[in-house]
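Asker: One structure is given below, represented as structure tokens, and several questions about it will come after.
The values are calculated or read from the model by the stated rules, or taken from the named source; none is laboratory data. Remember, it's a predicted structure, so these values are computed and weren't measured experimentally. Methodologically, a virtual Cβ is constructed for each residue, glycine included, from the backbone with ideal geometry; neighbour enumeration extends over all protein chains shown.
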Amino acid sequence: MDEIESLARLFEKFPGIGPRQAKRFVYALLRADASYRTELVERISKLARGVTRCTLCGRFMAHGASSKCSICNDTARNQKLLMIVLKDADIESFEITAVFQGTYLVLGTLAPLTEDTLSTNLKNALKRRLAAATVSEIVLALPVTTDGEHTASLVRSALSTLITEGTTIATLGRGLSTGSELEYADPQTLRNAFTLRK
Ligand SMILES: [Zn+2]
């Protein structure tokens, strides 16, 4: 395999990137300044060292003085309201809507890929979060797909043994189209889905 193909294969691993787009990235890099390529290589190699996960919500954040992210540390946020999302990008989408003022928990992966690991990791993450502050409502904001719904049922069963009486579990209202990922939903759709949670 030549250099173009080898690099294109790596780009194909990015979400939503097919072989043709991957090639376009490679050609764009070939046309770019050498300084751009050098900076890109340096940034990528520093990325893992400079980034860590929030110990409370699991979100990626820059290494700093705190082990918690800016949202978890924000005292103005409603700690009693917890939204469970699949990935960091879903948080970004919800933050744009400004409709949600609670805190998050990032699941990171969907069932059934690693059902056992998911359950164990999930239980540990939930335990940590529920121990940190009282939660009165949990909103499941997972993709409207077969895997997403299967994961939501796993989360519900894990929660049933962890939550105290009086804590409610809601799912986003179905303004979201089937098969959709939250990341790609527009702000108004997300706002409605949150307002119509049940
Ligand atoms: Zn956090």
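Asker: Only residues that are touching an Asp or Glu at 6+ places or on another chain (Cβ under 9 Å) and of a type in the set (A, V, I, L, M): list them for segment 116-170, please.
Answerer: Scanning segment 116-170 gives ALA141, LEU142, VAL144, LEU154, ILE169, ALA170.
Asker: Looking at ARG49, ARG37, which one is modelled with pLDDT under 90 and away from the ligand (no atom under 13 Å from the Cβ)?
Answerer: On the way: ARG37 fails: modelled with pLDDT under 90.
Going through ARG49, ARG37 in turn, the sole match is ARG49.
Asker: While we're looking at this one, here's another question. Report whether or not GLY16 is more than 12 Å from the ligand (Cβ to nearest atom) and in contact (Cβ under 8 Å) with a residue 40 or more places away in the chain.
Answerer: Numbers: more than 12 Å from the ligand (Cβ to nearest atom): yes; in contact (Cβ under 8 Å) with a residue 40 or more places away in the chain: no.
No.
Asker: (1) closer than 29 Å to THR146 by Cα; (2) within 14 Å of the ligand (Cβ to nearest atom); (3) among the acidic types (Asp, Glu): which one isn't true of ASP116, the others all being true?
Answerer: Result: ASP116 passes all but (2).
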